[in-house]
Structure formats: structure tokens, C-alpha cells
Amino acid sequence: MNIIKTSKTGFCYGVERSITITSETKNIYPKPYYLLGMLVHNSIVNEDLKSKGFEIIDNYEKHLHERASFISTAHGIHEKVKKRILHSGNTLIDTTCPIVIRNNQKIINYFKDNYDIIYFGKHNHQESNVVKDYVHIIENKSDIDKLKIKNQKVVLVNQTTMGIDELKDIENYMKLKYPNSIIDTLICPSTRDRQNELKELLNKYNSEKDFWLVLGDKRSNNTTKLYETTKQNTSNCLFISNIEELENINLDSMNNIILTSGTSTPSSFVDTIYEYLNNKYKK
């Protein structure tokens with residue numbers, strides 16, 4: 001049996017940067033330290049931060065009197081929240097991924113130029129919530145059908161962790177519904193690269209003797225997209241968030257087990273799964 005890791009594992013630049021900035025906060029800014037949600041969508045990362053004195057909060061306003069340090073997630077921070085924290089005299093540490101910042105600024109520019117902005121993303125995802133006041137959020141083609149936009153200035157943008165194929169499908173449908181619309185979409189490069197590598201490898205390892213494990217947190221959108229793509233191509237796959245989920249699974253009959261992971265999945269977790277499989281199946 002072969003245990004195979006895709007070449008692209010571990011944190012992307014934006015996640016690594018967010019974790020680094022947060023970790024350095026304790027040496028620079030006053031405590032207590034409040035995370036404005038899950039820093040990244042991975043329980044391993046967030047539990048580690050909790051153990052180091054960072055607290056994830058839902059209601060930041062009730063802590064404004066404490067003179068605390070508030071830390072944004074990698075997915076962004078709503079402008080109103082940012083202003084409220086700063087005007088209260090508290091410290092704000094913005095760890096938003098630079099790619100998300102660039103995408104959000106583009107959205108604001110379109111809004112100021114009086115465009116109707118159709119945003120392909122997930123409702124209630126932090127990245128979408130940051131820009132929800134400026135856009136029409138859609139999750140599928142039927143949501144586009146529900147829009148009654150009369151404006152001649154229409155643009156399609158997207159959450160940066162969506163699936164490449166589904167985004168292309170939305171882009172094509174937009175051109176049918178709004179022929180004069182601008183398509184200004186952006187997939188995070190690291191998300192795009194992992195999806196592309198996954199599709200290439202699925203063509204190679206797609207027999208009844210090949211088994212796929214998608215590693216990461218089920219709240220992670222980019223990891224979920226990897227799983228959805230895998231599931232569309234093979235029934236031999238599982239979405240794994242912790243090693244205990246493998247204990248009652250027998251893969252003895254497989255020739256290859258292939259591991260892929262999201263951009264917020266720690267390399268250490270991928271390595272742990274890899275070693276576990278090697279110890280269990282490679283005699």
C-alpha cells in the first residue's frame with residue numbers, strides 16, 4: 001500500500017500570517033486578548049490559541065470597557081466593528097488576509113461607483129459578513145434568478161475560497177442573465193492551486209482500490225470544497241477532522257490512500273495522519 005500526500009499541504013500565507021500576528025500580540029499589546037471569532041476555521045489552531053490566553057468572543061461590545069486587545073480573524077472585520085473598537089479607545093489588531101483585503105476594497109470601490117454587486121459566497125461566513133452591506137449574496141444560480149436588478153451596472157465578485165468549477169458555472173450563468181455584467185472574480189491562489197492539484201490527482205487515483213482522505217475542519221469552506229470535489233469523483237473518500245475518526249475504518253484492501261488538506265489545516269495534523277496510516281497499513 002502507498003500512503004500519498006498531495007504536494008500542497010499546511011497553512012497558506014494568509015493563515016500563517018494571521019497566526020503569527022496573533023501570537024506576537026502578547027509581547028506587544030495589553031491583555032485581555034479577544035479574538036473576534038475563530039481566527040481561522042480549524043479547531044486545532046483555535047484550541048492552541050485558547051491555551052495561550054486568547055479568548056474567542058461573539059459579543060465584542062460587552063468587553064469594550066475593559067481596555068482590551070481585539071484581534072480580527074483572517075477572514076476580515078466589518079468596518080463598523082473596526083470603528084467601534086477604535087473609537088472606544090481599545091486596541092485593534094487586524095490579521096485579515098491581504099488577498100481578502102484587496103478583494104474587499106475592490107467591492108467598496110464598485111459600491112461607490114454605484115454598481116449592483118452580486119457576491120458568490122456563503123451566507124453567515126465571516127468573509128461574506130464583512131461585505132454584506134454592499135452586495136447581493138448568492139450561493140447558487142437560483143439565487144441569481146431571484147434578483148430583480150434594473151441597474152445597468154452589475155458586477156460579479158466572490159468569496160475567495162469558493163470552488164473553481166462552481167464559480168465558472170456562476171460566471172457563465174451571470175453572462176446569460178446580465179449580458180453586460182463585469183466578471184471580477186478572485187479565488188485565493190493557494191485555494192485554487194490545491195483544487196487544481198486535487199483534480200489532476202483524481203484522474204490518476206480513481207479506482208476502487210484508491211481511497212481519499214480530506215483533512216481539516218468541517219467549518220473550513222476551502223477544505224469543504226476539496227471534499228465536495230473529491231466526493232463528486234469518487235465514493236472512496238472521507239472528511240477527517242481528528243484521528244479518532246479513523247480508528248474504526250479498515251482500509252486494508254486499498255492500494256493507495258491519498259491525503260489532501262485545506263489551507264487552514266496544520267501540517268502537524270497532516271503528518272500525524274500520515275504516520276498513523278503508515279504504522280497501521282505499511283507492514
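Within the range 130-151, the presence of at least one residue that is without any contact (Cβ under 8 Å) to a residue 24 or more places away in the chain, in contact with a Ser or Thr (Cβ under 8 Å, 6 or more places away or on another chain) and under 17 Å from Asn221 (Cα atoms) is confirmed.
In the range 251-262, which residues are open to solvent by less than 10 Å² (accessible area, probe 1.4 Å) and either in a strand (DSSP E or B) or modelled with pLDDT of 95 or more (or both)? Talk me through it step by step, then tell me what you get.
First, pick out the residues of the range 251-262 that are open to solvent by less than 10 Å² (accessible area, probe 1.4 Å): 251, 257-262.
Of everything in the range 251-262, those that are open to solvent by less than 10 Å² (accessible area, probe 1.4 Å) and either in a strand (DSSP E or B) or modelled with pLDDT of 95 or more (or both) turn out to be Ile257, Ile258, Leu259, Thr260, Ser261, Gly262.
Listed here are the residues, each with its yes/no results for (1) open to solvent by 60 Å² or more (accessible area, probe 1.4 Å); (2) outside any helix (DSSP H, G or I).
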residue: Met174; (1), (2): no, no
residue: Leu186; (1), (2): no, yes
residue: Ser190; (1), (2): no, no
residue: Leu202; (1), (2): no, no
residue: Glu208; (1), (2): yes, yes
residue: Lys218; (1), (2): yes, yes
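When the range 236-273 is filtered for residues that are of a type outside the set (A, V, I, L, M, F, W, C), in contact with a strand residue (DSSP E or B) (Cβ under 6 Å, 6 or more places away or on another chain) and more than 24 Å from Cys188 (Cα to Cα), the ones remaining, listed by number, are Asn236, Asn256.
Residues that are open to solvent by less than 40 Å² (accessible area, probe 1.4 Å) and among the polar types (S, T, N, Q) were ranked within the range 133-164; the one that is nearest to Asn196 (Cα to Cα) is Thr161. Checked against the criterion of being touching a residue at least 12 places away in the same chain (Cβ under 8 Å), more than 21 Å from the chain's Cα centre (by Cα) and within 20 Å of Lys204 (Cβ to Cβ), the candidates Ile243, Ile258 yield just one match: Ile258. Cβ separations smaller than 7 Å between residues 6+ apart or across chains give the following pairs from the range 41-59 residues that are without any contact (Cβ under 8 Å) to a residue 40 or more places away in the chain to residues that are hydroxyl-bearing (Ser, Thr, Tyr): Leu49/Thr22; Gly53/Tyr33; Phe54/Thr22; Phe54/Tyr33; Glu55/Tyr33; Glu55/Tyr34; Ile57/Tyr34.
The values are calculated or read from the model by the stated rules, or taken from the named source; none is laboratory data. Keep in mind the model is a prediction, meaning the values are calculated, not measured. Glycine gets a Cβ as well: all are built from the backbone with ideal geometry, and neighbour counts include every protein chain shown. Side chains are part of the model used for accessible areas, which takes the heavy atoms of the whole protein and leaves out ligands, DNA and RNA. Shrake-Rupley method; radii C 1.70, N 1.55, O 1.52, S 1.80 Å.
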